[in-house]
Amino acid sequence: MLTTARCLVVGEALVDVVGGVPHPGGSPMNVAVGLSRLGLATRLLTRIGDDPHGRMLGQHLGREGVAVVPTSMRAGERTSRAVAVIGADGAAAYDFDIEWDVSAEVAIAEAAGVDVVHVGSLGAVLDPGADAVRAMIDAVPDGILRTYDPNIRGELLGPRAAATERVEAIMAASHIVKLSDEDAEWLYPGCPIDDVLARVIALGARLAVVTRGGDGCVSLIEGGAGPVEREAPRVQVVDTIGAGDSFMSGLIHGVVFGGLAPALAGGVFHPDARDLTQFERVTEAALAGAAVTVSRRGANPPRLSELAISSR
């Protein structure tokens, strides 16, 4: 069992401006913080400018114990941001101002020395950095767990067919893929969730999950009998910022600490009944983590002690 797993997260870090107030954000950065809070040694390869927002992000990551790959810090450049508007239901809509690029050589070198590589969101598909991310994914050595959350932002991705092709290429190279129901609808309009999950598994993933907000999640495991539904804990929603990211970090944590990562990342995957039960428990714990996050303001993932309390 991997209990001292080292994680590399690759993707954007930005400032969420909510009500005129800047907060640390960006799906990959939120996942990195979530992993660190759950006890996993985590490095973040991103792009942060040398400006007040960038210094705020650097201080935040330092406080959270996330190691930032040095090339992530860019002198003389600005930090990406997203202006969030919170609706009556607590859901957030965003207006993005993104700058994204990373070095393929650095990404490949960083990925060679870890146990888990997570890529996500705009950093995986937005040029010019997307080519470097794809090169890294293709170069990740066998046995390293690869996870992916596309966190679709359709307004930034250009033509749907080309964007879907790029997303599917990363899905095919990943062991775990997590989509929201909104991601699934954007990628495959009108397609039932069960069919979306089957498609992701057919592409090459071994565990596919679609989250459904307050309605929980549906997951499918390669070799499993069929999709499994799990309900989300009932909580008072403050806002949904970072909920999917908390689910993703909780999912990775559960797979690693449940001893499931070697099987998922291995050459042959034949889950038995005990494995399938453990995967169901992992998704329940991930839902519990997301519930903690939506019960408070902003992208504020739970610590391990909170996750344990919320799942009792």
Exercise. For residue 245, are the conditions met, namely being in a helix (DSSP H, G or I), buried (at least 22 other Cβ atoms within 10 Å of the Cβ) and not polar (S, T, N, Q)?
Worked result: yes
Seminar exercise, completed: Considering residues that are crowded, with 20+ Cβ neighbours inside 10 Å, within 21 Å of residue 144 (Cβ to Cβ) and touching a helix residue (DSSP H, G or I) at 6+ places or on another chain (Cβ under 6 Å), the number found within segment 206-231 is 3
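Could you say which residue among 287, 251, 307, 264 is in contact (Cβ under 8 Å) with a residue 40 or more places away in the chain, open to solvent by less than 60 Å² (accessible area, probe 1.4 Å) and more than 20 Å from residue 197 (Cα to Cα)? Break it down stepwise before answering.
Details: 287 fails: more than 20 Å from residue 197 (Cα to Cα); 251 fails: more than 20 Å from residue 197 (Cα to Cα); 264 fails: more than 20 Å from residue 197 (Cα to Cα).
Answer to the check: 307.
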For this session: Could you tell me whether any residue of segment 220-241 is closer than 27 Å to residue 94 by Cα, free of Cβ contacts under 8 Å to residues at least 60 places away in the same chain, out of contact with any strand residue (DSSP E or B) (no Cβ under 6 Å at 6 or more places or on another chain) and among the basic types (Lys, Arg)?
Result: yes
For this session: Any chance you could count how many residues in segment 8-31 are over 16 Å from residue 78 (Cα atoms), buried (at least 17 other Cβ atoms within 10 Å of the Cβ) and more than 12 Å from the chain's Cα centre (by Cα)?
Result: 1
Problem set entry | segment 115-124 - residue that is among the hydrophobic types (A, V, I, L, M, F, W, C) and modelled with pLDDT under 95 and, of those, surrounded by the fewest Cβ atoms within 10 Å (Cβ to Cβ) | 122
Seminar exercise, completed: Being touching a residue at least 12 places away in the same chain (Cβ under 8 Å), open to solvent by 50 Å² or more (accessible area, probe 1.4 Å) and within 18 Å of the chain's Cα centre (by Cα) narrows 168, 182 down to just 182
Exercise. Inside segment 292-304, can you point out the residues that are open to solvent by less than 10 Å² (accessible area, probe 1.4 Å) and in a helix (DSSP H, G or I)?
Worked result: 293
Exercise. Based on what the data block shows, is residue 175 surrounded by 18 or more Cβ atoms within 10 Å (Cβ to Cβ) and in contact with a Leu (Cβ under 6 Å, 6 or more places away or on another chain)?
Worked result: yes
Exercise. Among the listed residues 124, 163, 198, 130, which satisfies the condition of being over 30 Å from residue 78 (Cα atoms), in a helix (DSSP H, G or I) and touching a residue at least 12 places away in the same chain (Cβ under 8 Å)?
Worked result: 198
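Yes or no, residue by residue, for (1) assigned to a loop (DSSP other than H, G, I, E, B); (2) aromatic (Phe, Trp, Tyr); (3) open to solvent by less than 60 Å² (accessible area, probe 1.4 Å); (4) modelled with pLDDT under 90:
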{"site": "56", "(1), (2), (3), (4)": "no, no, yes, no"}
{"site": "62", "(1), (2), (3), (4)": "no, no, yes, no"}
{"site": "71", "(1), (2), (3), (4)": "no, no, no, no"}
{"site": "76", "(1), (2), (3), (4)": "yes, no, no, yes"}
{"site": "83", "(1), (2), (3), (4)": "no, no, yes, yes"}
{"site": "88", "(1), (2), (3), (4)": "yes, no, no, yes"}
{"site": "95", "(1), (2), (3), (4)": "no, no, no, yes"}
{"site": "107", "(1), (2), (3), (4)": "no, no, yes, no"}
{"site": "110", "(1), (2), (3), (4)": "no, no, yes, no"}
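The values are calculated or read from the model by the stated rules, or taken from the named source; none is laboratory data. Bear in mind that the values here come from a model prediction, so they are computed numbers and not experimental data. For neighbour counting, all protein chains shown are included, and Cβ atoms are generated from backbone atoms with ideal geometry for every residue, glycine included. Note: accessible area is taken over every heavy atom of the protein model, side chains too, but ligands, DNA and RNA are not part of it. Shrake-Rupley method; radii C 1.70, N 1.55, O 1.52, S 1.80 Å.
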